[in-house]
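Reading through the structure tokens given below for one structure.
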Ligand SMILES: [Zn+2]
């Protein structure tokens, strides 16, 4: 589910639907911490060749975020007219995804979010990935077990062999024992 969106927009993934461990790992890489809105006094944090998350406005109020690489930052003097610092810089972005993929566009501070590069993963996602891996590993183990139809036959065969040996031994013992008594 997506924050601030209705259930109509939910994407549902089931732990049993992944075909192999690569699919699970690839799915896990699609998650990262929420990117942080760049503040007006932080524009010096954005430099060339940096990957950021940028907003793209569709018709209406739709706003989507896509990764983009900063091609260049055109620094401009900040304004303090409103009593607060206002960044007037331009950020030339090379979009990596979305409708502008491959295009260069100019953006301003309100379009930019800083990606949080952390190794941690959301506990809920981690738990889901573990369940998915367990299901795949269990399915693999099951395929490696001897076929159900084969196992009893093998056991019956062994049992017959053992019984026959025992009977033979017993018969030999009975024969030998009277001989010893005599
Ligand atoms: Zn600025």
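Name every residue in segment 31-49 that is touching a helix residue (DSSP H, G or I) at 6+ places or on another chain (Cβ under 9 Å) and modelled with pLDDT under 90, in order of residue number.
31
Between a residue in segment 72-91 that is at negative phi and outside the structural domain of residue 54 (by TED's automatic domain parsing) and any residue that is part of a loop (DSSP other than H, G, I, E, B) and more than 10 Å from the ligand (Cβ to nearest atom), which pairs come within a Cβ distance under 9 Å, given they are 6 or more apart or on different chains?
none
From the residues in segment 68-85 that are farther than 27 Å from residue 98 by Cβ and touching a strand residue (DSSP E or B) at 6+ places or on another chain (Cβ under 9 Å), which one is surrounded by the fewest Cβ atoms within 10 Å (Cβ to Cβ)? If you could, list the steps in order and put the result at the bottom.
First, pick out the residues of segment 68-85 that are farther than 27 Å from residue 98 by Cβ: 77-85.
With the extra rule that they be touching a strand residue (DSSP E or B) at 6+ places or on another chain (Cβ under 9 Å), the set shrinks to 78-80, 85.
Working: 78: 16, 79: 12, 80: 9, 85: 13.
The residue in question is 80.
State which residue is farthest from residue 118 (Cα to Cα) when the search covers only segment 26-50 and only residues that are within 17 Å of the chain's Cα centre (by Cα) and touching a residue at least 12 places away in the same chain (Cβ under 8 Å).
Kept after step one, since they are within 17 Å of the chain's Cα centre (by Cα), are these residues of segment 26-50: 26-34.
Among the residues that remain, those that are also touching a residue at least 12 places away in the same chain (Cβ under 8 Å) are: 27-28, 31-34.
Working: 27: 17, 28: 14, 31: 11, 32: 8, 33: 8, 34: 11 Å.
Across segment 26-50, the extreme among qualifying residues is 27.
In this structure, does residue 105 turn out to be surrounded by 14 or more Cβ atoms within 10 Å (Cβ to Cβ) and either in a strand (DSSP E or B) or in contact (Cβ under 8 Å) with a residue 60 or more places away in the chain (or both)?
Working: surrounded by 14 or more Cβ atoms within 10 Å (Cβ to Cβ): yes; either in a strand (DSSP E or B) or in contact (Cβ under 8 Å) with a residue 60 or more places away in the chain (or both): yes.
Yes: the conditions hold for residue 105.
The values are calculated or read from the model by the stated rules, or taken from the named source; none is laboratory data. The structure presented is a predicted model; accordingly, all values stated were derived computationally and were not measured. Please note: Cβ atoms are built from the backbone with ideal geometry, for glycine as well, and neighbour counts cover all protein chains shown.
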